[in-house]
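> Let me give you the structure first, and then I'll get to my questions.
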Amino acid sequence: MANHSRFTPGILKKARWHIQDNQVTPESVFKARRHIVKAMGLGAIGASISGYVQAGLFDLFGEQPQTSFITTPLTFEANARFGQDEVRTPFDKVTTHNNFYEFGTSKQDPSDNAQQYKVEPWQLRIEGEVERPITLDYQDLTKLFPLEERIYRLRCVEAWSMVIPWVGFPLAALLKKVGVTSKGKYVAFETAFDPEQMPGQKSRLMGGGIHYPYVEGLTIAEAMNELTLMSVGLYGKTLPPQNGAPIRLVVPWKYGFKSIKSIVRIRVMDKQPPTSWNQLAPHEYGFYANVNPAVDHPRWSQASERRIGEGGLFSAQRIDTLPFNGYSEFVASLYEGMDLRQFY
Ligand SMILES: Nc1nc2c(c(=O)[nH]1)N[C@H]1C(S)=C(S)[C@@H](COP(=O)(O)O)O[C@H]1N2
Ligand SMILES: [Mo]
């Protein structure tokens, strides 16, 4: 993928996405907040307190509420299960170091070019091998299912990683609502196609050669796994456009390119759907794309990764990459008996 990022578009530079200081949640605030929660005897952060209490703690530090459509209290229970203790990548890194080729191929392009992206009205259609196909409107995305925070590692195939507190609901909840038929073996996802708003879809150069719309897919077992999240927010707020507003997939044990952004269509199918990076470079990017330190990318090692934290990209800490990105206990059984070198 790195090789496809060599073009610097140099056009359509709009004002940089501006984050006011009082809207940033720096790591120091989280550490202090954690301290206070402990001092108050509330136990591990997130394990036992509601979103409202957390919001109250934010207020203690004088943070301004940011426009957000997430108005219901979040639950935090899942974090105790999935590893809540890792240091979160700061908000400003999560929202300015992105891959979203519809808005350009450099890491800064999405935050520079996606700010005007209109997500309302939005329609997300769920169809195919389902008993009750539905179309969700913008409001439904944050109102139809209870929302949880899920602090997950995100491991990009380019060998960098982050820790991101997503907000969302399990994809399984949505699939149960529509009812998968006995023929449903795979789930296909499709990003919005809107070249007027997405400059990368207009210019082959700016869009990195991907054939749009961007498409992705999972097996039905992967889609139903408890880790698989439909995300509508991060850091407790509505998803910024560069991170895939208004709704994107998050599959934490797979390379980041599986976590498709700004989804308009989910189709349950009887056969394996095509996927964008596999179409572009099939020998480099497979359908499964499970994080695997033992299987190198043809052009670079996957044994370690740069964890993006407080400092600049080049001060990022290099750490070992874990099989299934550290989520083996939840997902390894899905691939029992499979040769992960062949099904990369
Ligand atoms: N539609 C679409 N979805 C996408 C991409 C993209 O270019 N277009 N990039 C993927 C890649 S390579 C990664 S690493 C993640 C990055 O998510 P983030 O920018 O929110 O960290 O989004 C994935 N989803
Ligand atoms: Mo990625």
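Only the coordinates and a few stated rules stand behind these numbers; no lab work does. Since the model is a prediction, treat every value here as computed from it, not as a measurement. As a convention, Cβ positions derive from the backbone with ideal geometry for all residues, glycine included, and neighbour counts pool all protein chains shown.
> Please compute the modelled spin-label separation between residue 284 and residue 137, points set 7 Å along Cα→Cβ, answer in nm with one decimal.
A separation of 4.3 nm, rounded to one decimal place.
> Additional query: How fast does the range 64-198 diffuse by Stokes-Einstein, in µm²/s, taking the Kirkwood radius from C-alpha pairs at 37 °C and 0.692 mPa s?
Numbers: Rh = 17.5 Å.
It comes out at roughly 188 µm²/s.
> On a C-alpha basis, how far is the centre of the range 195-212 from the centre of the range 224-279 in Å? Whole number, if you could?
Cα centroid to Cα centroid, the span is 19 Å.
> If you add up the charges near residue 80, with Lys and Arg at +1 and Asp and Glu at -1, over every other residue whose beta carbon is less than 12 angstrom from its beta carbon, what do you get? Intermediate results must be reported in sequence, preceding the final value.
Values: positive: 81, 150; negative: 77, 85, 148, 149.
Here the count lands on -2.
> How compact and how long is the range 87-157, expressed as Rg and Dmax of its alpha-carbon atoms in Å?
That works out to 15.9, 42 Å for Rg and Dmax.
> When the chain is fully extended, how far beyond the present Cα-Cα distance does residue 194 get from residue 338, taking 0.36 nm per residue of separation? Walk me through the intermediate numbers first.
Working: separation 144, 0.36 × 144 = 51.84 nm, distance 3.82 nm.
This chain segment gains 48.0 nm when fully extended.
> With a cap of 15 neighbouring Cβ atoms within 10 Å, and only residues DSSP puts in a loop, list the trypsin sites (Lys or Arg not before Pro) found in the range 106-156. Intermediate results must be reported in sequence, preceding the final value.
Values: sites: 107, 118, 125, 143, 150, 153, 155; in loops: 107, 118.
Sites meeting the loop and neighbour criteria: 118.
> Report the Stokes-Einstein translational diffusion coefficient (µm² s⁻¹, integer) for the range 154-273, Rh taken as the Kirkwood radius over Cα pairs, at 10 °C with viscosity 1.306 mPa s.
Translational D for this selection: 105 µm²/s.
> Place the peptides 251-263, 167-179, 332-344, 297-309 in order of packing, highest mean first, counting for every residue the other Cβ atoms within 10 Å and averaging per peptide.
251-263, 167-179, 297-309, 332-344
> Express in nm, to one decimal, how much length is gained between residue 202 and residue 173 on full extension, taking 0.36 nm for each residue of separation and deducting their alpha carbon distance.
Details: separation 29, 0.36 × 29 = 10.44 nm, distance 3.50 nm.
Gain in length upon complete extension: 6.9 nm.
> Can you compute 3J(HN,Hα) from phi for each residue in the range 291-300, using the Karplus curve 6.51 cos²θ - 1.76 cosθ + 1.60 with θ = phi - 60°, rounded to whole Hz and x for Gly and Pro?
Along the range 291-300, the couplings run 4, 8, x, 8, 10, 6, 5, x, 10, 7 Hz.
> Another question, then. Could I get the Rg over Rh figure for the range 231-344? Both from C-alpha atoms, Rh via Kirkwood, rounded to two places. Write out the running numbers ahead of the final one.
Values: Rg = 15.7 Å, Rh = 16.1 Å.
My calculation of the ratio gives 0.98.
> Quick one: what are the phi-derived ³J(HN,Hα) couplings along the range 266-275, Karplus 6.51/-1.76/1.60 with θ = phi - 60°, whole Hz, x for glycine and proline?
10, 10, 7, 10, 8, 10, 5, x, x, 10
> Here are some pairs, 143/254; 93/254; 107/261; 93/118; 118/202; 143/183; which of them have Cα atoms lying more than 19 Å apart in this structure? Can you show the working numbers first?
Details: 143/254 27 Å; 93/254 21 Å; 107/261 15 Å; 93/118 23 Å; 118/202 17 Å; 143/183 29 Å.
As for pairs spanning more than 19 Å Cα to Cα, those are 143/254; 93/254; 93/118; 143/183.
> Tell me the GluC sites (Glu not before Pro) within the range 129-223 that lie in a loop according to DSSP and have at most 14 other beta-carbon atoms within 10 Å. Intermediate values should be presented prior to the final figure.
Numbers: sites: 129, 131, 148, 149, 158, 190, 196, 216, 222; in loops: 129, 131, 158, 196.
Counting only loop positions with at most 14 other Cβ atoms within 10 Å, the GluC sites (Glu not before Pro) in the range 129-223 are 131, 196.
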